[in-house]
Amino acid sequence: MTTMNKAKQKFNLKILLIIIVALLIGGAFFGYSQWQANQNSKQQKQITASTVPADPASQPPAPIKQFSSEEFKKLYRSVNYPNTKEFTTPPIITGSEPADLNIHQLAKARGFKLTSQPVSSIIRSVEPGTTINEDDLLQPLAHGSWIKLKAAAAQAGVPLKMLSGYRSPQTQKDLFIKRLSANGASTESIASGQADQLVVKTLYMTAPPGYSRHHTGYTIDFACGSNETKFENSPCFDWLGADNYAQAKAYGWIPSYPDGATVQGPEPESWEYVWVGDKLVR
């Protein structure tokens, strides 16, 4: 082999080695790039999974919370009810300023607070077998939840009925004056402070106009079929009140004046419930 051929062979061998090394380096770099891309993809999926909420429809509903009597009271007072406007001044009750002032003071001392009233039309709920007039009106959100609650009760064989829904200040005034009179309180004796005990006796069961939760359109008084016993002794109350009012809360309702709560207005009323929505109880 000539010297020239040997030099050429060495040169070709070097070129081959260079090509082999380049291929090895290129392959290693490509493999590393693929591995890095896979790692980035996994990391991105983890980030996405932790930041993008799951489809709500695919998630089970959150468990219903348990509330003490005081927590029920606090929950109601935390709700900002749509389609309502708060009373800025109490409505007239007797027409006597001293008498009305005394009633307002006694009511506030018991825990009554001014509520609110609808600012636009609300829904008439057609309740079979009832003769109520304005009492069958409810706010749209409360009406929809009442229909669902009533259907659930019927399916469970519970004859739950709506006895009273929305109540105007005038209707509440007429009711309050009637019960004041039945308890023996006159406008003069109320104004002089001589009938305070009779006023308080009336406040045990009846809110003065402006203080009733029925004014909002988000409150219902329930009845249980034709059962004439007290509501707390009825199968309807047993169904609604079981397990910390689980059935009522499932449809957005809580006891309006629960047993055990302090300074809340009237005495506990087992038949009255207020709508707060199902999100606040979960």
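Computed from the coordinates by the stated procedures, all read-outs in this text should not be read as laboratory data. None of the values given here were measured: they were computed from a predicted structure. No Cβ is skipped: glycine too gets one built from the backbone with ideal geometry, and neighbour counts run over all protein chains shown.
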key: Highest to lowest packing among 176-182, 204-210, scored as the average C-beta count within 10 Å   = 204-210, 176-182
key: Packing-based ranking, highest mean first, of 99-109, 236-246 given that Cβ atoms within 10 Å are counted   = 99-109, 236-246
task = Please compute the net charge surrounding residue 177, taking Lys and Arg as +1 and Asp and Glu as -1 over other residues with Cβ under 15 Å from its Cβ.
result = +2
query = What list of ³J(HN,Hα) couplings, whole Hz, do you get for the stretch 92-97 from phi and the Karplus terms 6.51, -1.76, 1.60, once you set θ to phi - 60° and write x for glycine and proline?
reply = 5, 10, 9, x, 9, 4
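Take each of the peptides 213-226, 138-151, average the number of other beta-carbon atoms within 10 Å over its residues, and list them starting from the highest.
213-226, 138-151
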remark   = Any residue on another chain or 5+ positions along whose placed amide H is under 5 Å from the amide H of residue 112 is listed here as 265
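Rounded to two decimals, what is the ratio between the C-alpha radius of gyration of the stretch 123-265 and 2.2 N^0.38 Å?
1.16
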ask   = So, in nm, how far is label residue 74 from label residue 242 when the simple model puts each one 7 Å beyond its Cα toward the Cβ?
value = 2.9
request  = Could you calculate the contour length gain from residue 66 to residue 113, that is, 0.36 nm times the residue separation minus the distance between their Cα atoms, to one decimal place in nm?
outcome  = 14.4 nm
task = Treat each spin label as a single point 7 Å out from the Cα along the C-beta direction, and report the residue 97 to residue 174 distance in nm.
result = 2.8
message = Please give the Cα centre distance for the stretch 165-190 versus the stretch 221-266, rounded to the nearest Å.
response = 25
ask   = Taking a label point 7 Å from the Cα of residue 134 along the Cα→Cβ vector, which residues of the stretch 200-239 have an amide N closer than 16 Å to it?
value = 207-221
ask   = For the stretch 65-275, what is the relative contact order in percent, using Cα pairs closer than 8 Å and at least 6 residues apart in sequence?
value = 29
message = Could you check the spin-label model distance between residue 192 and residue 151? Points 7 Å from the Cα along Cα→Cβ, value in nm.
response = 5.9
query = Relative contact order for the stretch 233-282 using alpha-carbon pairs under 8 Å, separation at least 6, rounded to a whole percent?
reply = 34
request  = Lys and Arg at +1, Asp and Glu at -1: add these up for the other residues within a Cβ distance under 12 Å of residue 111 and post the number.
outcome  = +3
